[in-house]
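Take a look at the structure below.
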Amino acid sequence: KMFPIRYRPLRLITHKSLSSMCLKLMFSRHVAFAQMWKAWFSSHSLVGNKNIILMGPPGAGKTTVGRIVGQKLDCPVIDIDDDVLETTWNMSVSEKLQDVGNEQFLEEEGKALLKFSASGSVISLTGSNPMHSAAMRHMKKTGIVVYLDVPIPVILSRLKSVKVDRIVGQSPGVSLKDILLFRKQFYKRWHDIRVLCGGDIAAEVVAEKVLDAVKRYQNSELETFISTRSSVAGRSMETDSCKYFSDVVTEGLAPDGGLFVPKRGLPKLTAGEWQSLIESTYIERAQVILERCIHPADIPASKLAEIIGAAYGENFACSKIAPVRHLAGNQFLLELFHGPTASFKDFALQMMPHIFAHCIPRSCNYLVLVATSGDTGSAVLDGFSRLHDVDKQRIAVMNFFPEDGVSPIQKSQMIGYQKENAWSVGVKSDFDFCQTAIKQIFTNSDYTGFLTVEYGTALAAANSINWARLLPQIIYHASAYLDLVHQGIVPFGSPVDVCIPTGNFGNILAALYAKMMGIPIRKCICASNENSVLTDFIRTGVYDLRGRKLIPTFSPAVDILKSSNLERYLHLIANEDGQLVRQLYNQLENQGHFQLQKDLLEKLQQDLVAGWCSEEDCLAAIHSVYSTTGYILDTHTAVAKVVADRLQDRTCPVIISSTAHYSKFAPAILRALRIAEIKQNPLSQLHLLSSYSPLPPVHCGLLETLKKTGSEDHQVCAADMSMLMSRIETLIQNHFM
């Protein structure tokens, strides 16, 4: 009777089969009950005795979303407007505002909030609550502040459809838009979590996003990092194998010689979330992207805002930070040279030192090692010299560069940027030796252990092998696309290509990561100079260093044969097969070459195309562009322009990364422009260039640095590991002891 079997007269129901069916039903009911209990427990443990505090501008939907979240969690819902203020004042909020005026209203509102107490609830703040510091400090102690970040045009549209009579700050001559813009600084200051809310997003969807964001906030152990060479066993979630963002920033290189990557990959933003950033500034976009990529347990949102402000607030000559300029036809230039040292390296290295100082333990001194092919060195020295004095006492930098492998102006920069905690060492070799030497030093546990025990000093990396160097570069690739949308060049969702002069594969990898995060990049075009190992690899799948010698060119930043960040990309397309990556790089180290499997090459070629440019074509491109537009390309950008002309099919826009200011390579530029008189003094070269009134003008920060560079000197050493290690030890003794 309990288990009627209909229309199956031929089936024999035995005691055994009946017993089995009973067990199955009991088990299924047990599973269903367990799932219900798990869901209930998960919801309640999500809140516990903490509050979920919703914050945002008027019209953000805090009240509606709060009710839905409370219903899902089966917990109390409190609306500050209706349940606290109006109850306390015994009048409506609009009446109170009209009665006491703007300033007094904020004070009265703050006093009411200071007396308010709740736990385990969903609380919807008023739009003006965050403007009272004491009240917000009180509220933050009770829970997690979630910022419903709705684009201002959406808010204005919503408020227009209803009668607005109670917004603090409204007065003749002050627009609603001005009020909303003014308030953003307070939302930015107080939030723990940001939830991006696009135009027509439903309240139910926003509520789910709030719950997901709170779960992420409470589960930092899910955002860990692994080595590109880790085995399957090495990816376990055991405590001793977990590396968090702070760990990878501090350590730089993985112990097995691999590079750190996020175990779960990078977060993907929806099309609506990207579109909500179209009107945003570069700094606002940076904040949103980095909040998604860095767990607040590593860097809280308020501290991240402070770091981003220090990096991009006043150090860049252009207010747009990374402007996009139309060059010709379907080609656009992403100008990445407006930072203090005139190259794209400033985008990471104005930020990375502050991230590093925040993440490292206070109990140890750190010496940051960096190898440069030209631009990284001065950017590292400048970035770390801007730290607070207390941080400079415990963090020093040593920069290794090929003594005869950088431009005269680059060398003058690196010498001129030396400070009390930052030094440059010229090495009688090429960049590949410098980079390999640093990797070997990091993996020499006897040596690093000796430095720690003897001097209380740990080593760290500032090259793009460090994840904190790579992450900020994603921002400008995403921002460039959003700028094209904002300018009406493309509608959101239409693809673009990007063309990037490439040596160490970091910049182009950042573009590939932006694509993974949801930016519609069709192809990444890898532009090589005569050191075309990457172009050959992308075309054939064979990475072959046998018989290759580094060729000094006019574009020294891409005079590289061993591309470090390629390893991260191979790990990605190999589905995180660390064993395969380790095998490939062991073969490269021991035999000088490796070859990709056919399926991996096909995956690679879906993302990448590649070409290379001769020295003659590089100079010709500089001359041609100047003759037709009045714009001067630097030598690296010229390499990318030549390759883009050859490979891009002109069916969509192509964004060419302009990675350095032309004035860093004055001799080559003067030669390209066919100016006969080329003086040896770098400052004289810049003055000569500036007399031609080119577009853009000569980099003023570079001029100022060269004016200050007088009789400063630097150390030079042979290409010998023991000598490099000796120089490191001497620096530690001089600075930290």
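The values are calculated or read from the model by the stated rules, or taken from the named source; none is laboratory data. Here the structure is a predicted model, which is why all the values come from computation and not from measurement. All Cβ positions, glycine included, derive from the backbone under ideal geometry; neighbour counts span all protein chains shown. For the accessible areas, the whole protein counts, side chains as well, though only heavy atoms, and no ligand, DNA or RNA atoms are used. Shrake-Rupley method; radii C 1.70, N 1.55, O 1.52, S 1.80 Å.
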- Item | Check on Asp200, over 22 Å from Leu113 (Cα atoms), assigned to a helix (DSSP H, G or I) and of a type outside the set (Val, Ile, Thr) | no
- Task: Given the conditions (1) over 19 Å from Ser424 (Cβ atoms); (2) open to solvent by 10 Å² or more (accessible area, probe 1.4 Å); (3) not assigned by the TED database to the domain that holds Leu451, report the number of the one that Pro340 does not fulfil.
- Result: (1)
- Task: Pick out the one residue from Val214, Val195, Val210, Val205 that is out of contact with any strand residue (DSSP E or B) (no Cβ under 9 Å at 6 or more places or on another chain), farther than 23 Å from Gln104 by Cβ and surrounded by 15 or more Cβ atoms within 10 Å (Cβ to Cβ).
- Result: Val205
- Message: Going by what's in this entry, would Lys562 be described as in contact with a Ser or Thr (Cβ under 8 Å, 6 or more places away or on another chain), more than 30 Å from Gly329 (Cβ to Cβ) and not assigned by the TED database to the domain that holds Thr372?
- Response: yes
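Of all residues being in a loop (DSSP other than H, G, I, E, B) and either in contact with a strand residue (DSSP E or B) (Cβ under 9 Å, 6 or more places away or on another chain) or within 19 Å of Ala371 (Cβ to Cβ) (or both) in the stretch 522-547, which is most open to solvent (accessible area, probe 1.4 Å)? Just the residue, please.
First, the residues of the stretch 522-547 that are in a loop (DSSP other than H, G, I, E, B): 529-532, 541, 545-547.
Still in the list and also either in contact with a strand residue (DSSP E or B) (Cβ under 9 Å, 6 or more places away or on another chain) or within 19 Å of Ala371 (Cβ to Cβ) (or both): 529-532, 541, 545-546.
Working: Asn529: 1, Glu530: 55, Asn531: 8, Ser532: 14, Gly541: 0, Leu545: 30, Arg546: 136 Å².
Among them, the one singled out is Arg546.
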- Message: I'd like the full set of residues that are among the small types (Gly, Ala, Ser) and open to solvent by less than 30 Å² (accessible area, probe 1.4 Å), limited to the stretch 95-132.
- Response: Gly101, Gly110, Ala112, Ala118, Gly120, Ser121, Ser124, Gly127, Ser128
- Could you tell me whether the stretch 424-436 includes any residue that is open to solvent by 40 Å² or more (accessible area, probe 1.4 Å) and either in contact with a Lys or Arg (Cβ under 6 Å, 6 or more places away or on another chain) or closer than 30 Å to Tyr244 by Cβ (or both)? no
- Task: Tell me, yes or no, whether the stretch 56-69 has at least one residue that is over 30 Å from Lys160 (Cβ atoms), assigned by the TED database to the domain that holds Val210, at pLDDT 95 or above and part of a helix (DSSP H, G or I).
- Result: no
- the stretch 640-665, subset touching a helix residue (DSSP H, G or I) at 6+ places or on another chain (Cβ under 8 Å) and polar (S, T, N, Q), residue modelled with the lowest pLDDT: Ser663
- Determine, yes or no, whether Leu509 is open to solvent by less than 30 Å² (accessible area, probe 1.4 Å), of a type in the set (A, V, I, L, M, F, W, C), closer than 22 Å to Thr228 by Cα and within 18 Å of the chain's Cα centre (by Cα). yes
- Pairs only if they're at least six apart or on different chains, beta carbon under 6 angstrom, first in the stretch 424-445 and touching a residue at least 60 places away in the same chain (Cβ under 8 Å), second open to solvent by 30 Å² or more (accessible area, probe 1.4 Å) and β-branched (Val, Ile, Thr); list them, first residue then second. Gly426/Val716
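Results for (1) closer than 13 Å to Pro501 by Cα; (2) among the basic types (Lys, Arg), shown as yes or no for each residue.
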residue	(1), (2)
Gln597	no, no
Ala610	yes, no
Ile622	no, no
Asp634	yes, no
Arg646	no, yes
Asp649	no, no
Cys652	no, no
- Residues of the stretch 478-506 being open to solvent by 10 Å² or more (accessible area, probe 1.4 Å) and either free of Cβ contacts under 8 Å to residues at least 40 places away in the same chain or in a helix (DSSP H, G or I) (or both), in sequence order, are Asp483, Val485, His486, Gly488, Pro491
- Under 7 Å by Cβ, and 6 or more places apart or on different chains, what pairs join a residue from the stretch 340-366 that is under 14 Å from Glu314 (Cα atoms) with one that is part of a loop (DSSP other than H, G, I, E, B) and open to solvent by less than 10 Å² (accessible area, probe 1.4 Å)? Asp346/Gly339; Phe347/Leu336; Phe347/Gly339; Gln350/Gly339
- Message: Which numbered condition in (1) over 30 Å from Ser157 (Cα atoms); (2) of a type in the set (D, E, K, R); (3) in a helix (DSSP H, G or I); (4) at pLDDT below 95 is the only one that Arg8 fails?
- Response: (3)
- Query: Which of the residues belonging to the stretch 253-311 are under 19 Å from Phe225 (Cα atoms), among the aliphatic types (A, V, I, L, M) and in contact (Cβ under 8 Å) with a residue 60 or more places away in the chain?
  - Reply: Leu253, Leu259, Val261, Leu266, Ile289, Leu290, Ile294, Ala297, Ile299
- Message: Restricting to the stretch 168-192, and then to whatever is under 19 Å from Ser124 (Cβ atoms) and assigned to a loop (DSSP other than H, G, I, E, B), can you tell me which residue is most open to solvent (accessible area, probe 1.4 Å)?
- Response: Asp192
- Query: Here are some residues: Lys115, Lys111. Which one is over 26 Å from Val69 (Cα atoms), out of contact with any Leu (no Cβ under 9 Å at 6 or more places or on another chain) and of a type outside the set (A, V, I, L, M)?
  - Reply: Lys111
